[in-house]
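A short write-up of the structure that comes next.
Derivation of every value follows stated rules applied to the coordinates shown; laboratory data play no part. As the structure is a prediction and not an experimental result, all values here were calculated from the model. Reconstructed Cβ throughout: ideal geometry from the backbone, glycine too, with neighbour counts over all protein chains shown.
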Amino acid sequence: MSVSSPAIVVAAYNRAASLSRLLASLSNAFYTKNTKLIISIDKSNNDDVLEIASEFLWQHGEKEIIAHKKNLGLRKHILKCGDLTNLYESVVILEDDLYVSPYFYQYASHAINYYQDEKSVAGVSLYSNSFNHTAQLPFTPLLDGHDIYFMQLAASWGQAWTRSQWGLFKAWYDQEPILIDIKDIPKNILEWPETSWLKYFNAYLILKNKFFVFPRQSFTTNFSDTGTHHKNISSLFQVPLSYGNHSSSFSDFSSSSAKYDSYCEILPDCINTLTDNLSKINYCLDIYGEKPINSLLEYVITSKPCKSYIKSYGLQLKPPELNVLENIKGTNIVLAKKSDIISNKEQDFASIALKFEYFYVMPSIKTLVSLLFTKILTKLGLLNK
């Protein structure tokens, strides 16, 4: 059974220009039937936001404006938007600093229908994540022949929920969970401000072992306009938008080889489906080197410095787990016992430099120093004397 076409919910606050830009992109997208648009406006001192919402002409169905009389704050506002699943079988929620692909609605509709009965899936992202926020390094999922991958992190830059998916989360949230008591939540997520609804949803995913579906080609992008969680405009989270009209190739959760945990580390069962070399060992992955030692299993594939190791790999192929799958020679990644990890402190400069060079495709630090030194000598006129 398929769920009905999702209602589009735009969450706005005090950014008039941002809202106008998002609404323009929504207007230019493709819809196959009448589509409900709801513009939910949190109370602010900017009357221009309500004026833009009121004057916007929505030609693809019914438009409704919800103007909250009291300021809710970001977390409560998004929770209110999610609660609209009580009225609609599914919703697509878009904050006002986003921009959508012309095919965002087509993808969202297909994805929520495909995964509505998958118990391991708690929501659908329209944004393709390309950054590991915990490690502060780029992230690329393994190419497994499908147009999606799974991650134990929720999306806030364009997401869709069915009534059931949202209801299960909300029932848990209403119990007022204490996040610090939940194991395996990355430290940076715990440190997000209390205005963040996302850290609660991430905690829910980790605790209940559920995942979000992410597209490989993004159907939203983020302008990161100045707002509650952004103090400066940045292009860091801008990603290419999908402009191709095609049917997405979805993968069942159980058969996917691209499933990632909350640290953006691929799950061991994905590795084990692609190679027999590690199937007899109960291990976890820590290639980014960000997991606390007390959260690791007895055996770990890590980039942390170790006193000794069972097996080692290089760091050349991308994404980094391919070095393990293809048994690339080197000593940058090791399979070791947790007890042999030297420390959980910040890694040494050489290790940090190597990761920076690998993820950002740049010359080695040694080469950069040499080039800089050469440039200084040249400028001083000393190089050829």
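Quick look at the numbers
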item: Selected from S156, S351, S196 as most flexible by GNM, with the chain as the system and alpha-carbon contacts under 10 Å; result: S351
item: Most mobile of A155, A108, A16 in a GNM of the chain (Cα contacts under 10 Å); result: A16
item: GNM flexibility winner over the chain from V124, V324, V361 (Cα, springs under 10 Å); result: V361
item: Integer Hz, Karplus 6.51/-1.76/1.60 couplings in order for the range 275-289, x for Gly and Pro; result: 8, 8, 5, 10, 5, 8, 10, 8, 10, 10, 10, 8, 5, 6, x
item: Relative contact order computed over the chain (Cα-Cα under 8 Å; 6+ residues apart), in percent; result: 14 percent
item: Out-of-range pairs (alpha-carbon distance over 30 Å; input K291/K318; K210/K307; K33/K70); result: K210/K307; K33/K70
item: Within the chain, percent of DSSP bridges classed antiparallel, to nearest 5; result: 50 percent
item: Over 26 Å (Cα to Cα) - which of K280/K329; K63/K259; K311/K355; K119/K338; K119/K311 fall in this group; result: K63/K259; K119/K338; K119/K311
item: Cβ-defined net charge surrounding Y283, 15 Å radius [Lys, Arg +1; Asp, Glu -1]; result: -2
item: Inter-label distance, nm, simple model (7 Å from Cα along the C-beta direction), S235/S130; result: 1.1 nm
item: Centroid-to-centroid separation of the range 232-294 and the range 78-136 [C-alpha atoms, Å]; result: 18 Å
item: Point-to-point label distance, K119-K280, nm (Cα→Cβ direction, 7 Å offset); result: 3.2 nm
item: Dimensionless Rg/Rh of the range 151-194 - Kirkwood Rh, Rg from C-alpha atoms; result: 0.98
item: Cα gyration tensor, the range 7-260 - rounded (a/c under 1.5), prolate or oblate; result: rounded
item: Net length gained if the chain between L143 and E326 were fully extended (0.36 nm per residue, minus Cα distance); result: 64.5 nm
